[in-house]
Structures are given as structure tokens and as C-alpha cells.
């Protein structure tokens, strides 16, 4: 299938600390250390991922090949917060790392969807709860030394239970976890998924969840 991805800056910030205007300094270190890309060839491709070799050159060195993972679709995740219940989390197993941990609902942004639409859909499919109003938290690239994968994170205030998850294979159980207990989960290393850990910590620090 043809490869397509949205072209965008590598970082955008939302929810700055109260009274502050946070603007990332994207171009401060531009100039002579920018790598030159001479070409790129694909060695494996699927609907989900492309593995490529790029011929690149660092100033002052000879060209060399660097592996690149291209991810055609972005991902979106939601921190669902309820003042009385806490955060809506999934306890699940990840076969690649053979690990268990707590995660927020998240998934791929399908073609034709906006990240916010995907965040809403994934939350409903994975938990059976329809999230309330969504507020952008942060958009970032988690492994930009290896891939162009892009995560879009949102904060939802409240949710309405609709029924059972329509994607039951995502988790072993779904729970509302008090915010204080979520802090303990993070401290104990029970939330090791990078998307979830970033989203929850960002919400705790910048959105002031209680």
C-alpha cells in the first residue's frame, strides 16, 4: 500500500504551566551539524511499518547507512480523568517485551481520522466508556533517533459508561484508579509503556490532576 504520513514539526506543546508561555526552541542548534540525506531505500513494508536504510552524511564524515523505521499512521491516547474515580486504566500484557503493566487507552489514527477522533474511538473500543471533552496534552516523537513515529495525547474530563469493550483482547481488566494510587503505580515501575507514562506524568505535572 502507498506510504503516507503527515508532515509536521517534531514537537508541539500544550498546557504550559500557569502564567507561562512555553515555546520549544526548534531551530536554536540548526546549522552546520544538520545531517544530509542522500537517499533512502525500503527493505520491508507492511500496513503498519516500513523498515528502510537511509544513506546519510554527518558534516566532516563519509556517507553511511542508517536504519530508519517509518510508521505510516500516527497514534493517539487519552488520559481519562474523573474527579471522584481517578484515571481510567487498562492492565495488559505486551508480548514483545513479555511484560505486564498499566496503560491508558490508545491506538492508531486511521486514515481520514483526526488524532482527537482516534483518541475518542480507541477509548470507547478498549474500555466501553465514552470520554468527555478532550483537551490536547502534547504531541511528540518518542524515538526520533530510530523512527518517525508520532504520538498525540489528550486529557478527557469524565466519561460515560456505554457497555462492554468492543475490543476485549486489549486488556485483562479495566479499572478506575485513584490519582494517588496512579502516582504509586508510576513509582513502583508498573507503568512502563512509554506513551502511557508520558501522558500520565504530563497530565499530573501540567494539568494538575488531583
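The values are calculated or read from the model by the stated rules, or taken from the named source; none is laboratory data. In this text the structure is predicted, and so the values were computed from the model without any measurement. Neighbour counts run over all protein chains shown; Cβ positions are idealised from the backbone, glycine included.
Here are the numbers for this structure:
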read-out	value
The listed residue being in contact with a helix residue (DSSP H, G or I) (Cβ under 8 Å, 6 or more places away or on another chain) and surrounded by fewer than 17 Cβ atoms within 10 Å (Cβ to Cβ), out of 62, 45, 110	110
Residue match in the range 96-103 (condition: touching a helix residue (DSSP H, G or I) at 6+ places or on another chain (Cβ under 6 Å), under 23 Å from residue 200 (Cα atoms) and modelled with pLDDT of 95 or more)	yes
Flag for residue 136 being touching a residue at least 40 places away in the same chain (Cβ under 8 Å), assigned to a loop (DSSP other than H, G, I, E, B), surrounded by fewer than 19 Cβ atoms within 10 Å (Cβ to Cβ) and in contact with a strand residue (DSSP E or B) (Cβ under 7 Å, 6 or more places away or on another chain)	no
Every pair of residues 6+ apart whose Cβ atoms lie under 6 Å, when the first sits in the range 184-210 and is touching a residue at least 24 places away in the same chain (Cβ under 8 Å) while the second is assigned to a loop (DSSP other than H, G, I, E, B) and surrounded by 14 or more Cβ atoms within 10 Å (Cβ to Cβ)	185/191; 196/104; 199/104; 203/209; 206/15; 207/15
Residue within the range 111-130 that is farther than 30 Å from residue 66 by Cα, part of a strand (DSSP E or B) and in contact (Cβ under 8 Å) with a residue 12 or more places away in the chain present	yes
The range 96-110 - residue that is outside any strand (DSSP E or B) and within 19 Å of residue 71 (Cα to Cα) and, of those, nearest to the chain's Cα centre (by Cα)	109
Flag if residue 142 is surrounded by 18 or more Cβ atoms within 10 Å (Cβ to Cβ) and either within 13 Å of the chain's Cα centre (by Cα) or assigned by TED's automatic domain parsing to the domain that holds residue 95 (or both)	no
Residue tally, condition part of a strand (DSSP E or B) and either free of Cβ contacts under 8 Å to residues at least 24 places away in the same chain or over 21 Å from residue 142 (Cα atoms) (or both), over the range 46-71	10
